[in-house]
1. Please report, as a whole percent, how much of the solvent-accessible surface of the range A:1-62 comes from carbon and sulfur atoms (probe radius 1.4 Å).
2. Distances over 13 Å make up what percent of all Cα-Cα pairs in the range A:138-205?
3. Hey, quick one: spin label on A:Ile112, modelled 7 Å out along Cα-Cβ, who in the range A:54-94 has an amide N within reach, i.e. under 18 Å?
4. What is the Rg over Rh value, at two decimals, for the protein assembly as shown, using alpha-carbon atoms and the Kirkwood definition of Rh?
5. Compute the distance from the alpha-carbon center of the range A:55-126 to that of the range A:129-208, in whole Å.
6. Tell me the total accessible area that A and B bury against each other, 1.4 angstrom probe, in square angstrom rounded to 100.
7. Among the listed pairs B:Lys104/B:Lys164; A:Lys91/A:Lys144; A:Lys190/B:Lys146; A:Lys67/A:Lys91; A:Lys161/B:Lys145; A:Lys158/B:Lys95, give every one whose C-alpha distance is greater than 24 Å.
8. Nearest 20 debye, what's the magnitude of the dipole of the protein assembly as shown about its Cα centre given +1 on Lys and Arg Cβ and -1 on Asp and Glu Cβ?
There are 2 protein chains.
Amino acid sequence: MIRLVLADDHTLFAEGVANLLRKESDFEVQGVFNNGLSALRHLEKMQSDIILLDLNMPDMDGIATLKEIKSRRLPVKVIILSMYDEENIFKSCEKEGISAYILKDADPDELIYIIREVFEDRHLLSYQRVLKQVDEDAFYDSYKKKLKLSRREIEILKLIKDGKTNNEIAEELFLSVFTVETHRKNINAKIGAKNLADLIRVALELNL
Amino acid sequence: MIRLVLADDHTLFAEGVANLLRKESDFEVQGVFNNGLSALRHLEKMQSDIILLDLNMPDMDGIATLKEIKSRRLPVKVIILSMYDEENIFKSCEKEGISAYILKDADPDELIYIIREVFEDRHLLSYQRVLKQVDEDAFYDSYKKKLKLSRREIEILKLIKDGKTNNEIAEELFLSVFTVETHRKNINAKIGAKNLADLIRVALELNL
DNA sequence: GGACAAATACAAAGTACTGGGTATTTGGCA
DNA sequence: TGCCAAATACCCAGTACTTTGTATTTGTCC
């Protein structure tokens with residue numbers, strides 16, 4: 001059973017999320033609070049696995065609540081729910097040790113999925129992935145800036161990292177194997193990779 | 001110039017380390033302190049790149065000093081100097097955000113090398129690597145337990161991760177390329193890797 | 001001295017990747 | 001409408017890896 005707590009001052013939104021979460025048979029929504037202080041009081045007494053924490057709240061905002069959770073070493077994982085996809089806000093939260101960062105207009109299925117990932121300690125925290133929650137274009141633009149890779153090249157690099165052969169990638173993307181080979185050549189050239197190890201290391205370093 | 005500070009209450013040891021560091025033309029030892037408080041005072045006033053921090057000190061021990069450095073967000077990288085190679089001590093420090101963890105009886109060349117790596121932000125923090133600083137057997141045993149790999153297999157996996165071909169690995173280890181191929185076969189079977197990409201990813205994820 | 005794992009080495013056949021190109025089509029933008 | 005990047009596709013020759021084995025030697029341990 002995944003024991004969840006929600007802290008968000010937008011009542012309608014919070015109830016909406018809580019109702020969504022209650023539909024999962026293995027989720028237990030222990031409480032919905034509209035400020036950080038109440039949420040903290042709950043966490044001090046109850047065993048909870050995950051708190052979904054809005055950033056903007058009265059009495060004690062999300063960041064302050066997060067810091068308090070961390071400084072008291074409360075054994076709860078923190079998922080930030082945020083309106084903002086700005087990198088500096090993300091990085092502030094990341095620095096404080098969050099487990100995940102979810103945009104408020106992300107897909108409900110994605111929310112559920114990320115909660116499970118966090119519970120199982122296999123969620124990968126990365127800004128690009130946050131961007132991708134609602135804006136695939138922003139996701140790809142982020143890599144474009146970093147590596148000068150096109151959208152297709154990024155897709156292919158991810159599959160290379162996952163251990164797929166050129167034939168498998170061609171099948172999966174409905175392309176010719178020759179196309180995949182040319183993309184790989186171009187990716188190698190852009191990244192300056194001399195071999196597969198270089199490609200995979202770069203992909204992992206970027207949390208692709 | 002790498003600006004260094006040393007905090008260690010064993011005077012002779014500290015002077016020994018400081019003298020070693022002063023031999024490097026690009027190292028500047030700004031101060032040697034025998035307790036955490038003095039070191040902190042220094043760091044508040046001076047720009048330093050790296051502090052070498054002993055764990056056991058009077059007035060303020062290493063962990064407390066480390067936490068203070070982090071909570072005040074002092075812009076200095078922390079290298080722990082420790083007598084202990086126990087994993088829980090390592091993990092406590094890792095959690096607080098250290099850049100490196102060096103055993104006190106590690107090789108002097110290794111100390112110098114790690115300082116440079118830290119300064120250039122390319123040191124990889126991992127418990128296995130700490131073990132290897134003085135006890136290669138412990139290093140290999142650690143992977144043996146995790147992956148059931150023999151010493152030679154680990155060596156070869158590391159070189160695969162570095163992008164070397166079978167021929168290059170054979171040359172480097174003074175082996176026949178056939179031997180390397182057989183070892184690879186065995187590594188693949190033990191790890192459950194389907195291909196080179198899988199091998200590289202596992203090696204990277206384990207900080208090999 | 002025997003058992004056993006590790007290490008070493010060999011080899012054929014097949015699959016996969018790389019490096020060197022070339023070429024055409026498509027989509028976006030000024 | 002033209003330009004340009006992205007995307008697609010093709011191809012040859014070469015290198016590298018994988019799969020399927022087999023075999024011997026060495027070192028450690030009981």
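1. Numbers: 1450 of 3000 Å².
Carbon and sulfur atoms account for 48 percent of the accessible area of the range A:1-62.
2. Pairs farther apart than 13 Å: 61 percent.
3. none
4. 1.00
5. The two parts, judged by their Cα centres, are 27 Å apart.
6. Numbers: alone 10990 and 10940 Å², together 20880 Å².
Approximately 1000 Å², summed over both chains.
7. Correct reply: B:Lys104/B:Lys164; A:Lys190/B:Lys146; A:Lys161/B:Lys145; A:Lys158/B:Lys95.
8. Around 620 debye, computed over the protein assembly as shown.
The values are calculated or read from the model by the stated rules, or taken from the named source; none is laboratory data. Small disclaimer: the values here were computed from a predicted structure and weren't measured. Every residue, glycine as well, gets a Cβ built from its backbone with ideal geometry; the counts of neighbours run over all protein chains shown. Side chains are part of the model used for accessible areas, which takes the heavy atoms of the whole protein and leaves out ligands, DNA and RNA. Shrake-Rupley method; radii C 1.70, N 1.55, O 1.52, S 1.80 Å.
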